Amino acid sequence: MKITLIYPPHPYLIKPNSQAPLGLLYLASVLRDANHEVEVYNLSGFTVEEALRSIPMDADIYGFTATSVDYDLCERMAGKLSKMNDKAKLIIGGPHPTVASETINLSVFHSYCIGEGERAILEIVRDTQEGRLQPFYKKERITNLDELPLPARDLMNYIGGDIFAYDRNYTGNNLSTTIMTSRGCPFNCSYCASKPMWRGRVSLRSVESILEEIRIVQSSFGVNQFRFCDDTLNMDTKRLHKLCHGLSKLNVFWRCSVRAGLSTYDDFKLMYDSGCREISPGIESGDQRVLDFLNKNTTVEDNRNLINWATNAGINVRVLLMTGTPGEYRDTPERTRDFLNSIEFNMVSLTQFRPMPGSPIWEAPEKFNCTIINKDLKNYNFYTWRRGKDGRRERSPIESVIETDRLSKEQMEDNMRRMFQYAEDTGKFNKG
C-alpha cells in the first residue's frame, strides 16, 4: 500500500523545522521494511492550504501525528483531505490520541492509535487492506527499543538545524538532528502528561545502539550536532557515563534535557568533555512552595547547584520556567526573579502554563485548588513568542486559563506580566 505520514503545520512556531519528526520516521522504517511505499511530509512550517497542496492525492492511508495543541488543526486538515481523496483511510496517532482518545472525531478519522505505533502500524495497514479497520489500536509498551529499526531520515529533505541557543554552531555545516535514547519518565509532575503517555514505564536503549545510530548519521548525512530528545537524559548516572565515554570518541556536539538532584559537577564535566554544549533543566519556578505544589520533587537549592555546576563545567544552560501555574502566590514572580539573579546561565525560556490533557491537573483540577476556565485546546499555545501572520516574531498575548483559590484570573495574569518583564530584564530571554 501507499502510506503518507504527515507532520502537521505548526503556525505558532518561530523555528518550525528545527527538529525532525522522529515518531513518524520510526513508523516509516517499519513500513518500508515490510515493503510498503511510504512518504513522510514535514509540513511544520506550512499553512494548512500550502500543506494540502503539497500532499499527494493517491495515498491509500494518511497517517497524522498530533499533540493536544495540534489536534484541532489536524482534524480540520483531515476533513479537507478526505474530500480530496475519499478512498483513503485517515489515521491519527501521537500524544493527543493517547491521553485524550475520547476527543477523537471518528466521523473524520477512520481510526486512531493509542501509545507507540511501531507495533500497531502493520496491523492497521493489513486491516485496511482486508476491509476490517478497527476504530482504535493499542499495543503493549515496547520494552526493548534496540529492536526498532533506525528512523528513516533519508525520507526527509531537511534533517534539522539550529538546536542550540542563539543559533550557535559548533561544526562547519550547521546540520543537526534529534535522537531518542529512552521513552518515558519515572517522575510524576502534576502538570505533565508523560505518565499516561508512557503508562508509567521507562524504556532505555543500549548505549551501543545509540552510538551506532550516531555513527550512521555522521557517515550518511554529515551531521555532528545532536539533540537528545529524552525527557531526562541523566536519570541513570552509570548509563550516562558510559554514553559520554562513547560520545567522546565521535567528535560530536550535543544538547539534552536534565533534572536537578541527579548529577554532580563531575558528571557535567564528563558531559562537556564528550561534546555536551547545552542543557535544558526544567526549573519551572524559583519558589519552593510552587515546586512542592507541582510535585517536582526538587528544591530551589538543587536547581541552583545544577545550573552552577553545569556552567562551571563549561556547559551553556537554558533555564526552563513556567508562569501562571497552580500553587503560585502573589510574590512568586519576585522569588523566581531572585533565583535568576543568583545563578549564571545562558538563556531563559519562559512558557505560559497550560494544563495538558492527561496531566493530573487536567484530570482533577480541584485537587490542585484551581479551576480550568478555558479548555479550548486550539488556543493552548504556551510559547511566550510566536510566529506572526507576516512570518515575523511577535509576543504572544498574556492569558491565564486557570484561576485558583488564592489568585483570580486577573491576578494570575498580573503575575505572568511581571514574570515576563523579569525574564526580559535578564537580557537572556529566549524569543524563539
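The values are calculated or read from the model by the stated rules, or taken from the named source; none is laboratory data. Worth saying up front: this structure is predicted, and the values here are computed from it rather than measured. In this analysis, Cβ positions are derived from the backbone assuming ideal geometry, glycine residues included, and neighbour counts consider all displayed protein chains. Ligands, DNA and RNA are stripped out before the accessible areas are found, and what is left, the full protein with its side chains, is counted by its heavy atoms. Shrake-Rupley method; radii C 1.70, N 1.55, O 1.52, S 1.80 Å.
Results, tabulated for the structure shown:
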| quantity | calculated |
| --- | --- |
| Helical mean residue ellipticity (222 nm; -39500 (n - 2.57) per DSSP H run of 4+; nearest 500) of the chain | -9000 deg cm²/dmol |
| Estimated vicinal HN-Hα couplings, Hz - region 86-102 in sequence order (Karplus 6.51, -1.76, 1.60; Gly, Pro = x) | 7, 8, 7, 9, 10, 10, 9, x, x, x, 5, x, 6, 9, 9, 4, 5 |
| Heavy-atom SASA rank of MET416, MET156 (probe 1.4 Å, accessible area, largest first) | MET156, MET416 |
| Loop-exposed trypsin sites (Lys or Arg not before Pro) per DSSP, neighbour cap 15 Cβ within 10 angstrom, longest uninterrupted part of the chain | 1-86 |
| Separation between Cα centres of region 174-213 and region 399-432, rounded to whole Å | 30 |
| Surface share of carbon and sulfur [accessible, 1.4 angstrom probe, percent] for the chain | 46 |
| Cα gyration tensor shape of region 40-131, rounded if a/c is under 1.5, else prolate or oblate by comparing a/b with b/c | oblate |
| Nearest-20 debye value, region 88-144 charge dipole, Cβ charges on Lys, Arg, Asp, Glu | 40 |
| ³J(HN,Hα) computed for each position of region 349-362 - Karplus, 6.51 cos²θ - 1.76 cosθ + 1.60, integer Hz, glycine/proline x | 10, 10, 10, 8, 4, 9, x, 6, x, x, 6, x, 5, 5 |
| TRP309, TRP362, reordered so the largest accessible area comes first (probe 1.4 Å) | TRP309, TRP362 |
| For the chain, accessible area per residue (1.4 Å probe, heavy atoms of protein chains only), Å² | 42 |
| Low-density loop cleavage sites - GluC sites (Glu not before Pro) in region 299-368, where at most 12 other Cβ are within 10 Å (DSSP) | GLU344 |
| Cut-off under 5 Å, modelled amide H: who pairs with TRP254 long-range | PHE226, CYS276, ARG277, GLU278 |
| Reported label for calculated semi-axes √(5λ) of the Cα gyration tensor in Å given [x] 31, 29, 20; [y] 34, 27, 20; [z] 39, 23, 21 | [y] |
| For ASP231, residues with placed amide H under 5 Å, excluding near neighbours | GLY184 |
| Separation between Cα centres of region 220-267 and region 105-146, rounded to whole Å | 32 |
| Partner lysines for LYS367 [C-alpha distance under 28 Å; skip if fewer than 8 residues away on the same chain] | LYS195, LYS296, LYS375, LYS378, LYS409 |
| Low-density loop positions, GluC sites (Glu not before Pro), region 372-432 - DSSP coil, at most 16 other Cβ in 10 Å | GLU399 |
| Compactness of region 331-383 as Cα Rg over 2.2 N^0.38 Å, two decimals | 1.47 |
| Dipole axis of the chain (+1 Lys, Arg; -1 Asp, Glu on Cβ), positive-most option in GLN352, SER190, TYR265 | TYR265 |
| Amide H contacts under 5 Å for SER68, placed H, 5+ residues apart | HIS96 |
| Gyration tensor (alpha-carbon) shape descriptor, region 292-432, a/c threshold 1.5 | oblate |
| Residues of region 135-174 with amide N under 11 Å of the 7 Å Cα→Cβ point at GLU363 | none |
| Extension reserve of the ASN188-GLU399 stretch, reckoned as 0.36 nm per residue once the Cα distance is removed | 73.4 nm |
| ³J(HN,Hα) computed for each position of region 239-246 - Karplus, 6.51 cos²θ - 1.76 cosθ + 1.60, integer Hz, glycine/proline x | 5, 4, 4, 5, 5, 4, 4, x |
